[in-house]
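The values are calculated or read from the model by the stated rules, or taken from the named source; none is laboratory data. Please read these numbers as outputs of a predicted model, since none were measured by experiment. Here the Cβ is made from the backbone with ideal geometry for all residues, glycine too, and neighbour counts use every protein chain on show. In case anyone asks, the SASA skips ligands and DNA or RNA and just uses the protein heavy atoms, side chains included. Shrake-Rupley method; radii C 1.70, N 1.55, O 1.52, S 1.80 Å.
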Amino acid sequence: MSKAMTEPAFFILTALVDGPRHGYGIVGAVAELSEGRVRLKVGTLYGVLDRLVGEALVELDREEVERGGCAGISG
């Protein structure tokens, strides 16, 4: 069962519309898209991404450990 769409989830999905991004790229895109309203911390980003993957809204493009995070998330 899907949860309600949160503001961070909406902006993460919007950031992934044009193609896969690394976590750092998602954080930057979300800040830009939200005009600074949403500033994701790494724990929040990956928590939301885990939920979106579980709901089949995004998929892991490839898994690489880079500074403690996975890379290559696509919408």
Per the stretch 7-55, sqrt(5λ) over the Cα gyration tensor eigenvalues, sorted largest first, in Å, gives 15, 12, 10
Glu35 and Val53 label points (each 7 Å along its Cα→Cβ direction) are spaced in nm at 3.3 nm
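For the stretch 7-55, with every protein chain kept in place, what is the accessible area per residue (1.4 Å probe, Å²)?
Spelled out: the 1.4 Å probe surface of the stretch 7-55, per residue, equals 58 Å².
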